[in-house]
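The values are calculated or read from the model by the stated rules, or taken from the named source; none is laboratory data. None of these values were measured; they are calculated from a predicted model. FYI the Cβ positions are ideal-geometry reconstructions off the backbone, even for glycines, and counts take in every protein chain you see.
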Amino acid sequence: MTDDPEASLTPTLVGPAIHCRDVCRSYGKLQVLNNLNLTVPQGQIYGLLGPSGCGKTTMLKCIVGTLSISRGYIGVLGKPPAFPGHGVPGRMVGYMPQELALYNEFTIGNTLTFYGRIHGLKSRETQDRINELIELLDLPQKDRVVRNLSGGQKRRVSLAAALLQKPKLLILDEPTVGVDPVLRKKIWKHLVDIVKTGKMSVIITTHYIEEAGQANVVGLMRNGRLLAEGTPEAVMKQQGSTTLEHAFLQLCETSDQTCVKRSSGSQDDGLGKSQSFESGRDESRPILANVAKATEEVVSHTVDWKVRLRHVFPKLRNIGALTIKNLLRMRRMPGSLCFQFLLPVIQMSLICLCVGGDPKGIQVAVVNNDTSPLAFGHSLLSFLDNNSVEQVSLSHAEAFEGIYDGKYWGIIGFRKDFSRSLMNRMFMKNVSREVMDAGSVHVWLDQTNHQIALMLQQKLYEAFQAFVESKLGSMAYMYSLPIKFEEAIYGSHNADFTTFVMPGAVLSIAFYLALGLTALSFVLEKKEGLLDRCWVAGVSSLETMLAHLFSQLLIISVQIILMLLFVLLVFKMPNEGSLVLIVLLIVLQGITGISFGLVISAAIDDEQNANQAALGLFYPNLILSGIIWPVECIPYPLRYLSLALPQTYASEALRCIMYRGINWPVECILYPVRLPQSGPASGLRLRSTAMHHCTKVTKR
């Protein structure tokens, strides 16, 4: 036996296993449970009958403590659900939901081992129980993957997970739906066998009325109310029927007539109130009396402070089991773990290879009409970068026809007297406007692609500077632009657009991969009933989030190492700062993505809508966070929104660490996060002051 504190705190039960009085549960204006009274005797099978949508599943969720009731009282195994130190939800209850609620990537052994860890079973004890249940329920070998099982086999695995820890209360929500008659008979035979000892109570919901005759007690439920409760024979006798189905039909008709009389003002209650199994008479009491009794029962259970502390604080065993489960799921998904590790590297490689570099093979038409022996036009063109610019010599008409047809990105033209006019411009004091014009290089550009047009302008400027230096030697400085760019304070004059984009891209990849995986995994687990099953097993929401955080941090750590290796070593991106701060900033951005994914999964129940929400937030965040274009270019109404986004300051901080070598001492933390206080310029002044102050502190 295990030393689980939940088991040691459980008293020997004398009264009923479940005791519900005047239970109400509403979803907004929709009342699902309406003053429901229900009693499940200890050591017996209770069959809860009713059509789909009558509130059976809601009632079970209230019993196991995953849903709170709007009014009334529920006692489960002597205490209210979720009472500190009580094993409900937890080890004392076994729960098989209406959905299969199984991890399809797991084997049968993995599935049962996972629930064994949550319930605190020792490894040897878990394996013994697995072998017993495989033989008892005629399950396949424990190394069979759940995805490859038939529907009936999955049902039996789900039942085995509910029976694993030998609970005192077994709750089965329509376990025989879609099951063949042979398997249904086996399930009922096993239920009859396990309650013979009197140590386990079973409540089973079904809308197959004929099979409920095998239960010790039945409750007939409709429209959130219990129409009758008792042994099958007593219910049939009370209605004067020979079958349970006929008795149920009569009760439904009587209930409908009662509702009609009530709507017309009649005072006859008929079967409007529940019939109790314990006394066979109407036991519906005033709500205030039941609330007072429930309060007395709760107060009578004194709880030690250590028990309350254990109830509040997360259990390490649950966090460990959930973390192992998360990693095992990712490992068993075909290519999933490898994909998670390699996707950031592939994305960063594509960004470094495809973004920010100079265009190659850009075709430019050249119209060289310079016939002077000096041939300055031909000499100047020889200094043009041939890797980026491909020169095509054409006539004036052919060049303009080609650029109009989209064949060329620009035209470079030289007039007949270009060389002589250029000499006159450079060495004569007074020249006419005509000489200035003839001694100029005339360029027509296709400006539809701004990056290519800027590149052509830059290459022409560099070619002219090289041409002047080759012709004039030491006198070339006299004919250069009267602007001198000194050594860069931060960065390099040769830095490209990739250098600007890369820090924000790294943070975006870490953020959105964590966001997408978190949102999708939680939405799928919630949709398939896996989260509900874990919560009934005693796992708290905090434990679930912590386990997901730890497993995601492991993946993020590997992703960061691979990304930084490629960015810094393969693509030679500059880094002047601390690698520790870089890693810490990326990890924090990943945690932010995990948190955002939890928000999406809490608000959305469908994986398609969750994906759409994540994708819908991607581009606005990318555009407004200063990742692909500076924040200073954003209009001020939108800039305030930009400052509230999670990646704006993070991207700027990573650029400062990598390119400026700023290690962000405590003295400068408050400055960048201040918003503009008196007009557009004050935000820039605060930002500039913060950077200057950080630089001085770092240098000291």
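Just give me the residues in region 192-218 being touching a residue at least 60 places away in the same chain (Cβ under 8 Å) and under 41 Å from the mean Cα position of the chain (by Cα), in sequence order.
Once the filter is applied, which keeps residues that are touching a residue at least 60 places away in the same chain (Cβ under 8 Å) and under 41 Å from the mean Cα position of the chain (by Cα), region 192-218 yields MET200, SER201, VAL202, ILE203, ILE204, THR205, THR206, HIS207.
Could you check, for region 211-229, whether at least one of its residues is surrounded by 13 or more Cβ atoms within 10 Å (Cβ to Cβ), more than 20 Å from GLY43 (Cβ to Cβ) and at pLDDT below 85?
Yes - at least one qualifying residue is present in region 211-229.
Within the group GLY270, GLY265, which residue is modelled with pLDDT under 50, surrounded by fewer than 16 Cβ atoms within 10 Å (Cβ to Cβ) and not in a helix (DSSP H, G or I)?
GLY270 is the lone residue from the list that is modelled with pLDDT under 50, surrounded by fewer than 16 Cβ atoms within 10 Å (Cβ to Cβ) and not in a helix (DSSP H, G or I).
Being in a helix (DSSP H, G or I), farther than 21 Å from THR544 by Cβ and either in contact (Cβ under 8 Å) with a residue 40 or more places away in the chain or in the same structural domain as ILE187 (by TED's automatic domain parsing) (or both) is the filter here; which residues of region 115-155 pass it?
GLU125, LEU136, ARG147, LYS154, ARG155
Could you tell me how many of the residues in region 645-682 are modelled with pLDDT of 50 or more, in a loop (DSSP other than H, G, I, E, B) and aromatic (Phe, Trp, Tyr)?
So the answer is 1.
Please go through region 557-574 and pick out each residue that is closer than 22 Å to LEU327 by Cα and touching a Leu at 6+ places or on another chain (Cβ under 8 Å).
Once the filter is applied, which keeps residues that are closer than 22 Å to LEU327 by Cα and touching a Leu at 6+ places or on another chain (Cβ under 8 Å), region 557-574 yields GLN559, LEU562.
Can you tell me which residue within region 93-119, out of those that are of a type in the set (A, V, I, L, M) and surrounded by fewer than 23 Cβ atoms within 10 Å (Cβ to Cβ), is farthest from VAL23 (Cα to Cα)?
LEU102
Just to verify a result, which residue in region 404-439, among those that are in contact with a Gly (Cβ under 7 Å, 6 or more places away or on another chain) and of a type outside the set (S, T, N, Q), is surrounded by the fewest Cβ atoms within 10 Å (Cβ to Cβ)?
For region 404-439, the residue satisfying everything is ARG425.
Just one of (1) surrounded by fewer than 17 Cβ atoms within 10 Å (Cβ to Cβ); (2) assigned to a strand (DSSP E or B) trips up THR254, so point out which.
Unmet for THR254, out of (1) surrounded by fewer than 17 Cβ atoms within 10 Å (Cβ to Cβ); (2) assigned to a strand (DSSP E or B): (2).
Checking VAL182 against (1) touching a residue at least 24 places away in the same chain (Cβ under 8 Å); (2) in a helix (DSSP H, G or I); (3) among the aliphatic types (A, V, I, L, M), which single condition isn't satisfied?
The number of the failed condition is (1).
Might you let me know whether region 460-480 holds any residue that is surrounded by 19 or more Cβ atoms within 10 Å (Cβ to Cβ), more than 24 Å from PHE383 (Cβ to Cβ) and not acidic (Asp, Glu)?
No: zero hits.
Got a number for residues in region 393-409 being within 19 Å of GLN457 (Cβ to Cβ) and not in a loop (DSSP other than H, G, I, E, B)?
Selection size over region 393-409: 2.
Just the residues that are in contact (Cβ under 8 Å) with a residue 60 or more places away in the chain and crowded, with 16+ Cβ neighbours inside 10 Å, please, taken from region 563-574.
The answer is MET563, PHE566, VAL567, MET573.
Would you check which residues across region 575-615 are among the β-branched types (Val, Ile, Thr) and either without any contact (Cβ under 8 Å) to a residue 40 or more places away in the chain or surrounded by fewer than 19 Cβ atoms within 10 Å (Cβ to Cβ) (or both) and list them?
Across region 575-615, the qualifying residues are VAL580, VAL583, VAL587, ILE591, THR592, VAL599.
Can you pull out every residue in region 468-510 that is out of contact with any helix residue (DSSP H, G or I) (no Cβ under 7 Å at 6 or more places or on another chain), among the charged types (D, E, K, R) and not in a loop (DSSP other than H, G, I, E, B)?
LYS471
Does SER26 count as of a type outside the set (Phe, Trp, Tyr), part of a strand (DSSP E or B) and without any contact (Cβ under 8 Å) to a residue 60 or more places away in the chain?
Yes; evaluated as a whole, the condition is true for this residue.
Within region 67-85, how many residues are under 16 Å from LEU170 (Cα atoms) and within 32 Å of the chain's Cα centre (by Cα)?
The number of residues fulfilling the criteria is 1.
Can you say whether GLY577 is over 12 Å from LEU520 (Cα atoms) and part of a helix (DSSP H, G or I), as far as the supplied structure shows?
Answer is no for this residue.
What number of residues within region 204-257 satisfy the criterion of being out of contact with any strand residue (DSSP E or B) (no Cβ under 8 Å at 6 or more places or on another chain) and aromatic (Phe, Trp, Tyr)?
Summing the residues that are out of contact with any strand residue (DSSP E or B) (no Cβ under 8 Å at 6 or more places or on another chain) and aromatic (Phe, Trp, Tyr) in region 204-257 gives 1.
Out of (1) surrounded by 14 or more Cβ atoms within 10 Å (Cβ to Cβ); (2) at pLDDT 90 or above; (3) not hydrophobic (A, V, I, L, M, F, W, C), the odd one out for PRO635 is which?
(1)
Checking LEU172 against (1) in the same structural domain as LYS56 (by TED's automatic domain parsing); (2) over 27 Å from GLY55 (Cα atoms), which single condition isn't satisfied?
Of everything listed in (1) in the same structural domain as LYS56 (by TED's automatic domain parsing); (2) over 27 Å from GLY55 (Cα atoms), LEU172 misses just condition (2).
Among the residues in region 508-525, are any surrounded by fewer than 19 Cβ atoms within 10 Å (Cβ to Cβ) and under 30 Å from CYS62 (Cα atoms)?
Looking through region 508-525, at least one residue is surrounded by fewer than 19 Cβ atoms within 10 Å (Cβ to Cβ) and under 30 Å from CYS62 (Cα atoms).
Can you name the residue in region 437-467 that is among the aromatic types (Phe, Trp, Tyr) and outside any strand (DSSP E or B) and, of all such residues, is nearest to the chain's Cα centre (by Cα)?
TYR461
Considering SER201, SER158, which residue is among the small types (Gly, Ala, Ser), in the same structural domain as THR58 (by TED's automatic domain parsing), crowded, with 21+ Cβ neighbours inside 10 Å and at pLDDT 90 or above?
Step by step, each of SER201, SER158 is checked, and only SER201 is among the small types (Gly, Ala, Ser), in the same structural domain as THR58 (by TED's automatic domain parsing), crowded, with 21+ Cβ neighbours inside 10 Å and at pLDDT 90 or above.
Look through region 411-436, keep the residues that are part of a loop (DSSP other than H, G, I, E, B) and in contact with a helix residue (DSSP H, G or I) (Cβ under 6 Å, 6 or more places away or on another chain), and return whichever of them is farthest from TYR461 (Cα to Cα).
VAL431
Scanning region 29-67 for residues that are free of Cβ contacts under 8 Å to residues at least 40 places away in the same chain and in a loop (DSSP other than H, G, I, E, B), which turns out nearest to VAL192 (Cα to Cα)?
Looking at residues that are free of Cβ contacts under 8 Å to residues at least 40 places away in the same chain and in a loop (DSSP other than H, G, I, E, B), I get GLY53.
Read through the list (1) out of contact with any Cys (no Cβ under 8 Å at 6 or more places or on another chain); (2) surrounded by 20 or more Cβ atoms within 10 Å (Cβ to Cβ), then give the number of the only condition that LEU137 fails.
Among (1) out of contact with any Cys (no Cβ under 8 Å at 6 or more places or on another chain); (2) surrounded by 20 or more Cβ atoms within 10 Å (Cβ to Cβ), the lone unmet condition for LEU137 is (2).
Could you check how many residues of region 379-390 are of a type outside the set (Ser, Thr, Tyr), touching a strand residue (DSSP E or B) at 6+ places or on another chain (Cβ under 9 Å) and surrounded by 15 or more Cβ atoms within 10 Å (Cβ to Cβ)?
4
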